[in-house]
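Colleague: Let me begin by handing over the structure; questions about it come next.
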Amino acid sequence: MDAAVLISAISAVVAAIALLLSVRQVGLLRRQNLSPVVLDAFREARTEEWFEAFDWIRTDLAREHSPELGVSGLPEIARRRVRKVGFFYDNLGVLVVAGIVPEDLVLGFFGPGMKVCWDSVRPYFDVEGKIRGLRYLVFYEHLVCLHKDKTVAERYESIGLRRLDDR
């Protein structure tokens, strides 16, 4: 093998390594730039206002308001509560679909509560979809579909959560 071929081969390897490192760096920067957005989303679900809306949806929404109203037909305070929780889960769905946050992390943490809430709001979302002529909060619905694919215990295992009593 002559020197020119060897130098060309080495140059190609160096270029490939540089390309791989560049792609990796872009991915890291993208995640780093989105970290504040993700942290804000998780912080939102820990506010008193969010918990009040979540609890009200589960216990009072169906008792106080007919699903025939959809979401847009609800009185302002009810509509605000449903949107607060619904948009939160919908935004999480966007982050999962975009690959910004891992599915198992989101659904291991939020899945059970998200599903309980979905069971309460689904009739309102179905009517709202008919009013608007398109499905309503589709990324939230997608998360609920994903939630059915694995148990929470399987999700915990896939992200490597450990228990103190594991031996």
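Colleague: Since Leu143 meets every condition but one in (1) more than 25 Å from Trp56 (Cα to Cα); (2) in the same structural domain as Leu92 (by TED's automatic domain parsing); (3) of a type in the set (A, V, I, L, M), which condition does it not meet?
Modeller: (1)
Colleague: Looking only at region 105-123, decide whether some residue is hydroxyl-bearing (Ser, Thr, Tyr) and either at pLDDT below 95 or touching a strand residue (DSSP E or B) at 6+ places or on another chain (Cβ under 9 Å) (or both). Walk me through it before giving the result.
Modeller: Keep residues of region 105-123 that are hydroxyl-bearing (Ser, Thr, Tyr), which gives 120.
Now restrict to residues that are either at pLDDT below 95 or touching a strand residue (DSSP E or B) at 6+ places or on another chain (Cβ under 9 Å) (or both): none.
Checking region 105-123: not a single residue is hydroxyl-bearing (Ser, Thr, Tyr) and either at pLDDT below 95 or touching a strand residue (DSSP E or B) at 6+ places or on another chain (Cβ under 9 Å) (or both).
Colleague: Looking only at residues that are at pLDDT below 95 and of a type in the set (S, T, N, Q) in region 39-95, which one is farthest from Trp118 (Cα to Cα)?
Modeller: It comes out as Thr47.
Colleague: Could you list all residues from region 1-26 that are at pLDDT below 70 and either outside any helix (DSSP H, G or I) or under 18 Å from Val94 (Cβ atoms) (or both)?
Modeller: Once the filter is applied, which keeps residues that are at pLDDT below 70 and either outside any helix (DSSP H, G or I) or under 18 Å from Val94 (Cβ atoms) (or both), region 1-26 yields only Met1.
Colleague: So, one more: Condition test on Asp104, is it more than 20 Å from Gly70 (Cβ to Cβ) and surrounded by 14 or more Cβ atoms within 10 Å (Cβ to Cβ)? Can you show your working first?
Modeller: Numbers: more than 20 Å from Gly70 (Cβ to Cβ): yes; surrounded by 14 or more Cβ atoms within 10 Å (Cβ to Cβ): yes.
Judged against the criteria, Asp104 is a match.
Colleague: What's the number of the condition Gly93 fails, among (1) of a type outside the set (Lys, Arg); (2) touching an Asp or Glu at 6+ places or on another chain (Cβ under 6 Å); (3) assigned to a helix (DSSP H, G or I)?
Modeller: So the condition that Gly93 fails would be (2).
Colleague: So, Asp119, is that one in a helix (DSSP H, G or I), surrounded by fewer than 19 Cβ atoms within 10 Å (Cβ to Cβ) and among the acidic types (Asp, Glu) or not? Explain how you work it out, then say what you get.
Modeller: Details: in a helix (DSSP H, G or I): yes; surrounded by fewer than 19 Cβ atoms within 10 Å (Cβ to Cβ): yes; among the acidic types (Asp, Glu): yes.
Taking the combined requirement at face value, the residue satisfies it.
Colleague: Pull up region 40-78, narrow it to residues that are farther than 21 Å from Phe109 by Cβ and among the hydroxyl-bearing types (Ser, Thr, Tyr), then point me to the one that is farthest from the chain's Cα centre (by Cα).
Modeller: Of the residues in region 40-78, the ones farther than 21 Å from Phe109 by Cβ are 56, 59-78.
Subsequent filtering for residues that are among the hydroxyl-bearing types (Ser, Thr, Tyr) retains 59, 66, 72.
Details: Thr59: 24, Ser66: 28, Ser72: 23 Å.
Top of the filtered list is Ser66.
Colleague: For the condition out of contact with any helix residue (DSSP H, G or I) (no Cβ under 7 Å at 6 or more places or on another chain), surrounded by 19 or more Cβ atoms within 10 Å (Cβ to Cβ) and aromatic (Phe, Trp, Tyr), what is the one hit in Phe87, Phe125? Talk me through it step by step, then tell me what you get.
Modeller: Working: Phe87 fails: surrounded by 19 or more Cβ atoms within 10 Å (Cβ to Cβ).
Going through Phe87, Phe125 in turn, just one is out of contact with any helix residue (DSSP H, G or I) (no Cβ under 7 Å at 6 or more places or on another chain), surrounded by 19 or more Cβ atoms within 10 Å (Cβ to Cβ) and aromatic (Phe, Trp, Tyr): Phe125.
Colleague: What is the residue count in region 109-167 for residues that are over 17 Å from the mean Cα position of the chain (by Cα) and under 23 Å from Phe87 (Cα atoms)?
Modeller: 17
The values are calculated or read from the model by the stated rules, or taken from the named source; none is laboratory data. These numbers were taken from a predicted model, which means no experiment stands behind them. Heads up, the Cβs are rebuilt from the backbone with ideal geometry, glycines too, and the neighbour counts pull from every protein chain shown.
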